[in-house]
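All of the numbers you see were taken from the coordinates with simple rules; none came from a lab. Every value quoted in this text rests on a predicted model; they were computed, and no experiment measured them. Ideal geometry is used to build each Cβ from the backbone, glycine not excepted, and the neighbour counts take in all protein chains shown.
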Amino acid sequence: MNFNFNHMREEQCSSDEEDYYKILEVNRDASSEEIKKAYRKLSMIHHPDKNGNSEESTIKFKLLASAYEVLGNADKKKLYDMGIRGGNGSPFGDFEHVNPFDIFNMIFGSMGAAGPPPNHP
């Protein structure tokens, strides 16, 4: 039996919003260190606290967190690279319920921050 996931990958990665490599601005052969570095850089730039809690920065920050959640984990990255996706284009289902600030704090530590912005759930 021969399984071909190439057509699924092309359909699901057709937009920048669905291509985690494009979101993190890294090549597909990027090392885990390069992925982490890209996430750190971009999450600092697009952090809602630095952008007046704008809707655009919040959306971008959440996309960055989802991308790093997958590409920063070797097992999830392997499935993602094989074209296996969950409900919203990411392996293991929907990351809508993942708090992007938890991922940010996982990478940066608390750094004296008081937590998510006041209007963040």
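May I ask you to compute the full-extension gain from N105 to I59, defined as 0.36 nm times their residue separation minus their alpha-carbon distance, rounded to one decimal in nm? Intermediate values should be presented prior to the final figure.
Working: separation 46, 0.36 × 46 = 16.56 nm, distance 1.75 nm.
Once the chain is fully extended between N105 and I59, it gains 14.8 nm.
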Straight distance only, please: which lysines reach the Cα of K50 with their own Cα at less than 26 Å, same-chain residues fewer than 8 apart left out?
K22, K36, K37, K41, K60, K62
Separation between the S32 and M44 pseudo-spin-labels, each 7 Å from Cα along Cα→Cβ, expressed in nm?
2.2 nm
Label model pair D75, E25: point-to-point distance (7 angstrom along the Cα→beta-carbon line) in nm is 3.2 nm
